[in-house]
1. Pairs to check: LYS366/LYS462; LYS27/LYS243; LYS65/LYS236; LYS236/LYS331; LYS123/LYS416; LYS307/LYS390. Give those whose C-alpha atoms are more than 20 Å from each other in this structure.
2. In 5 Å bins starting at zero, report the fraction of Cα pairs in region 244-300 per bin as a rounded %.
3. I need the peptides 487-493, 357-363, 134-140 ranked by packing, meaning the mean over residues of other C-beta atoms within 10 angstrom, with the highest value on top.
4. Give the calculated FRET efficiency between PHE50 and ALA109 to the nearest 0.05, with a Förster radius of 30 Å applied to their Cβ-Cβ distance.
5. Between LYS511 and PHE152, what FRET efficiency follows from the Cβ-Cβ distance if R0 is 51 Å, with the result rounded to 0.05?
6. Check VAL361: other-chain or 5+ apart residues with amide H under 5 Å from its amide H, H built from backbone geometry?
7. Based on alpha-carbon centroids, what's the gap between region 323-370 and region 447-504 in Å, whole number please?
8. Roughly how many nanometres apart are two label points built 7 Å out from the Cα toward the Cβ at LYS23 and GLU177?
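None of the figures in this text is laboratory data; all of them are computed from the coordinates on show. All figures in this text were calculated on a predicted structure; none of them were measured in a lab. For neighbour counting, all protein chains shown are included, and Cβ atoms are generated from backbone atoms with ideal geometry for every residue, glycine included.
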Amino acid sequence: MTSGLRQGLTSYGDQEFSLFLRKAFIKAMGYSDDALNRPIVGITNTYSDFNPCHGNVPTLIEAVKRGVMLAGGMPMVFPTISIHESFAYPTSMFLRNLMAMDTEEMIRALPVDSIVLIGGCDKTTPAQVMAAASVDRPAIVLPVGPMLVGHFKGEALGACTDCRRLWGEFRGGRLSEQDIDIANARLVPSIGTCGVMGTASTMACLVEALGLALPGSASIPATHADRVRLAEATGKRAAELTKGGPNPSELLTPASFRNAMVVLQAIGGSTNGVVHLSAMAGRAGHPIALDDYDRVGRETPVLVDLKPSGEHYMEHFHQAGGVPRLMQELKDLLALDAKHVMGGTLGDAIKFFEDVPGQTVIKPRKAPLKKEGGIAILRGNLAPRGAVIKQAAASPKLMQHEGRAVVFDSVSDMAKCIDDPALDVAESDVLVLRNTGPVGAPGMPEAGYLPIPKKLAQKGVKDMVRISDARMSGTAFGTIVLHIAPEAAVGGPLALVQTGDRIRLDVPERKLELLVGDAELKKRAAAWRTPAVTGDAKRGYARLYREHVQQADEGCDFDFLVAARK
Ligand code: FES
């Protein structure tokens, strides 16, 4: 097989001329023949002025290049789409598949022998792994690392669990306008990904568990010198990968996906981890059924004491030993013989770990934070294809609850009504939000964390049962049922709920039921109409998205990108 500059030649009908032309152009950059004859390591550049989480990408790229050259390779950087959570309209999830397609096609198009995927902000890591799985060229992931902890009035702060908590305090009138402004400037004290076990940290832990990144890569803070050294080591390894892999298809196996599910449960990871891991598994040809997450969750305890399920921040997880140390506690649940990007097995990769005397962030198996995993899968007549709840971050008293539905038809309907003093709502009600799924919103926004209606928040109500076909930020907390499938916009039962209906949630029994008779539901279904498609949604990427996005239980990938089952 051809390699380096000679592979993937532009089609002019004369291969030798194509190479001649390619070399003529690239020599404009001052490269020598010696450099151009080396194996080429592609490096994705996801730096963007709109992505502060990736603020250290230029530094990491320099270190990766150094590592590649120390190992005799030729580093070549190229840009791809970059997505930040707060700078993506209508939602970052809408763009994840576009980034995956962009990354995949650029890797295919360019003459790279291996690839370093530098990402971190929530959707970037899954998009890159989805791409790498589809191309199946040797690849190694380098997360940008978590941000540092902020401080406000003597307490530690981390984006964005504390963003939500403080905003809730402000809405409830318990924090002044001046204080919320000060907190706003302290919540994100450095570059890097959110400092709690949100989606970015979850995905970074999962790529470590999948064997796609070097040990420790999930937790070293973005600003630490160790992060730069890790980048250099990643570059070195990427150059070695050009000599024969392993390829992603050797690493992304049923065993490694199970390892990732174990880690997802043990870290109290983000519910978004379910969607992204399922999408990655679909690209690898090893689809994961929603019930697999539940099965793994029933035997895997939550061991990591991080917000939003616990107390600490990523910085502390790192000081406690990070993912390798956590995996030591989980050894009996893991397939340690799964192949690792370092060359050996997962068991080899985690042999070296830091045992920190007296640390309390990673709990021992005999004294877990929660006996069961963080995420449970619910089913019932409201969610025939399943729904997800982060039980680790829910209120114990609401885990079995029956209440009256208060329905919002869309995010804008909810935003308009939720703080209306005339809204007929009580603490025991179940807030229902719909038309916020993959097709409905579109892009399944993180709107599932419905705010507590202002009049209840002012009375001190902090949690209520909330259900939707939306997602929620991995940094959020509360008794919140998400990802209801099928979603309302494609005619799922959620579309049939009316204000005043009774809904029963039973997490121990894994049930979500609408207490309305079958005959009445049939009548409502017959009257239901598909929502009209208007404006820009009729064309371009929005149309491609609407016509091809899968439901949440399958990972929200495009149906034409999923691999055949292996
Ligand atoms: Fe980028 Fe949280 S906004 S990781």
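1. LYS366/LYS462; LYS27/LYS243; LYS236/LYS331; LYS123/LYS416
2. Binned Cα distances yield the sequence 4, 19, 31, 24, 13, 6, 2, 1.
3. Ranking, from highest mean packing down: 134-140, 487-493, 357-363.
4. Numbers: r = 25 Å, r/R0 = 0.82.
Working from the Cβ atoms, E equals 0.75.
5. Efficiency for this residue pair is about 0.80.
6. Counting only residues 5 or more places away or on other chains, the set is empty.
7. Taking the Cα centre of region 447-504 as reference, the centre of region 323-370 is 35 Å away.
8. 6.9
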